[in-house]
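No lab work stands behind these numbers, since they all come straight from the coordinates. It should be emphasised that the depicted structure is a prediction, and the values quoted were computed from it without experimental measurement. Here the Cβ positions follow ideal geometry from the backbone for every residue, glycine too, while neighbour counts run over all protein chains shown.
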Amino acid sequence: MTVHVTGEVLDAKRVGAYLHLTLVAPGVPERFRPGTFVSVTLGDSAHLARRSYWIHRIRTVGGYGAAVQLVVEPSGAGGTWLASLKPGAKLTLTGPLGRPFALPKEPVSCLLVGEDWSAAPLFPLAERLRERGCSVTLLVAGRDEAHLLSALEARRSARAVTVVTADGSVGQRGRVADVVKEALARSEAEVVYAAGPHDTLHAVAQAAEEHGAWSQTAVEVAHPCATGLCHGCPVPVVGEDGVARVVRGCTEGPVLRGDRVRWGELT
Amino acid sequence: MTDLAGLTLASPVLVASGCGGTGRELEPYVDLAALGGFVTRSISLDARDGADAPRVVETPSGLLHAEGPNPGLEHFLATELPWLVRSGTRVVVSIAARSLGEYAELARRLGRAPGLSAIEVAVAGEPFQAASVVAAVQRDLPRGLPVLAKLRPDLLRVVETARAVVDAGAAAVVVGDSQPGALPDGRPAGLSGPAVRPIALRCVVEVHAALPDVQVVGGGGIVTVADARTFLDAGAVAIQVGTALLHDPTTAARLAADLTREDVPQ
C-alpha cells in the first residue's frame, strides 16, 4: 500500500553534483523495497506534473525514527525547488510507488549496474541481496567523479566493485556498455539488476541475454502523476505471451524484465 | 445527497474521465463509494494503445494530454467494470467511437452490463453532430439509463450544443471537456487543469442562465473546496475533478468530505 503524506526535510547534504535529501515521510520507510520510488508534488501551483525520485536508503535519524533519503540532481523545476528547501520545510509526497526489484529465491551471484543518480536504488538492493546470501558485484558508472554515487559506501555490501566514468576522472574510463560483458563474465552473475539511462539499460539487457542471465531494469521515464491514474508514462514492452503492449512506467514498472522492454521504441 | 439525472449520488464530487485510471489506482487514497461517482476513461469498441510518448506534458497551471490507452469494450466489461461496480461507487462509463454505428453498438452492449449507472459521451463538433451522437446512444440504451453529454467549454456554442443534446435525450450536460491544444511537437492534445478553470466556469454560468432546467455537471481545474463551491454556486448540481487527482490523488476524498461538512447547518 502506498501513502500520500506531508513530509519534512530533515537535512540536505551536497555530495558531488547531487543533493542527498533526507525526509521524514510517515508510512513510507516501513513499506520501502529497493526499486520503489517516491513522487513529490512541487510547491507551486504552476507545475502540476509530479517528480519521481528513487529512494536511496532508509536512515534512522535520532528523534524521528526512520527517514527516507533521496538523491536529487539540482536542475530543472523539480530539482531546483527541492534543492532550495531548508531543514524543517514541508512537502507533499506519495510513496513508495512502483514495482520493486524482484529478489532471487536462491543465493545466486548478482551483478548490479548503476549510472549517475540512477544508481541510488542499487545500494539498498545490494544489502537485501547480501542478507539472502547472494554474492553481489557492483558496477557503478558516472559522467565524472561528481556524478558518481558513493562507491566507497558500496564496498561494504559488495564482493567486488568496478567504477567507470565517461571522462576517466575516477576508475576506468568508459561507459557501462564497454565493460558490462566483462563484468558479467567475471562475476558469473545469474541475475543482473540495472538502473540508468535507457541506452545503458538496453546494453545491459542485451549483454545479460547473451550471457544467459536474467535482467531486471529500472526504467526511468517522466511520471506526470506517478500513481497510474493518467497513463502518461508509456513504456513499450512485449508481454509473456509475446504480444507487444504499452505499460505504465510508474505502475507496471519502474522495474521491468530487460528482455521484455522494446528498447528501440522507448523515447 | 445529490440528485443527478434521476440518480441519487452520495456526494456531488465525481472523478472525471481519464483521471482515475481503472479505479484500482485510486483505491489507496479514497473510498470510491463515498464519492458521487466514477467516470471511466473513454472506452471504444476496439483496444487502443494511446498516443506515443510524450503523452502528458506540463504547461503552466495545466496539463496537456494526448489520447490515452483503453483496453476496448470486451476487456473493460470482463475486468474493469466488475471491479468498479463492486467498489460501491456509481459507475459512469465514458465512451468514444468513430461512427454513429459504433456509438450504437457500445450503447447496446453496455446497456446489458450489470451495475452501470450512466453513460457519458464527449461530443465535439457542430451542435447537430453532437445531438446525433446523443440520439444514437440514447436509442440503444435501456430505459432509465441516463446519458450525460460532455461538452467542450467553447463559449461560442456551448449553450446551443447543450440545448441540442438535451433535445436529443441527454439527461444532463457535463461542462466541460479539456480545451483543444497541441503538444510542443504539434500533435493534438487536450489542455486541462487550473489554467482552464475560468473558461469552464463561464460556460457553466452561461448554460445555466440560458437553460435553467437543465442539470449541469461542472468541471475544469477544480482543486480546492472553494473552487468546487464556485461551480456549485454558478448552478452546477455536481462537479467533476480530474487533473487535480494527478497532482494529489486524495483530492476527490478531500473535496467530498469538505463539501459534506459545509452542508451541515451551523
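Data for the structure
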item	result
Centroid-to-centroid separation of region B:205-266 and region A:121-146 [C-alpha atoms, Å]	49
Relative contact order [Cα under 8 Å, 6+ residues apart], region B:127-195, whole percent	32
Choice from A:Ala207, A:Ala126, A:Ala226 with maximal GNM fluctuation in chain A (Cα, 10 Å cutoff)	A:Ala207
Nearest-20 debye value, region A:89-181 charge dipole, Cβ charges on Lys, Arg, Asp, Glu	340
Value of relative contact order over chain A, rounded to a whole percent, pairs C-alpha under 8 Å and six or more apart	17
Net charge of Cβ neighbours under 13 Å - reference B:Ala53; Lys, Arg +1; Asp, Glu -1	-2
Computed over region A:58-161, the ratio Rg/Rh where both radii use C-alpha atoms and Rh is Kirkwood	1.00
Region B:124-266: relative contact order as a whole-number percent, Cα under 8 Å and 6+ apart	18
Debye, to nearest 20: dipole size of the protein assembly as shown, +1 on Lys, Arg Cβ, -1 on Asp, Glu Cβ	800
Sequence ranges A:189-197, A:236-244, B:28-36, A:91-99, ranked by mean other-Cβ count within 10 angstrom, highest first	A:189-197, A:91-99, B:28-36, A:236-244
Value of Rg/Rh across chain A [Cα atoms, Kirkwood radius]	0.95
Residue mean of other protein chain beta carbons inside 10 Å, B:238-248	4
Using alpha-carbon coordinates, inclination of helix A:122-131 to the longest axis of chain A, degrees	70
Region B:57-172 - charge dipole about Cα centre, Lys and Arg +1 at Cβ, Asp and Glu -1, debye rounded to 20	420
log₁₀ of I(q)/I(0) at q = 0.11 Å⁻¹ - the protein assembly as shown, Debye sum with one point per alpha carbon	-0.95
Top positive-direction residue, dipole computed over chain B with Cβ charges, set B:Leu156, B:Gly37, B:Gly190	B:Gly37
Cysteines without a disulfide-compatible partner [the protein assembly as shown; Cβ-Cβ under 4.7 Å]	A:Cys110, A:Cys134, A:Cys233, A:Cys250, B:Cys19, B:Cys203
Value of [θ]222 nm, deg cm²/dmol, for the protein assembly as shown, DSSP H segments ≥ 4, -39500 (n - 2.57) each, nearest 500	-7000 deg cm²/dmol
Span-like helix ranges in chain B, DSSP H, alpha carbon extent 15 angstrom or more, Kyte mean at least 0.5	B:127-139, B:197-210
Computed E for B:Ala209/A:Val243 - FRET, C-beta separation, R0 56 angstrom, nearest 0.05	0.60
Anisotropy class of region B:120-236 from Cα gyration tensor, a/c 1.5 cut	oblate
Farthest toward positive dipole pole in the protein assembly as shown [+1 Lys/Arg, -1 Asp/Glu at C-beta], among B:His65, B:Pro54, B:Thr22	B:Thr22
Partner chain coverage, peptide B:45-51 - average Cβ within 10 angstrom	2
Within a Gaussian network of chain A (alpha carbon springs, distance under 10 Å), most fluctuating of A:Val247, A:Val180, A:Val61	A:Val61
Number of partner chain Cβ atoms within 10 Å, mean per residue of B:24-31	4
Cβ crowding within 10 Å averaged over residues, with A:69-77, B:146-154 ranked highest first	B:146-154, A:69-77
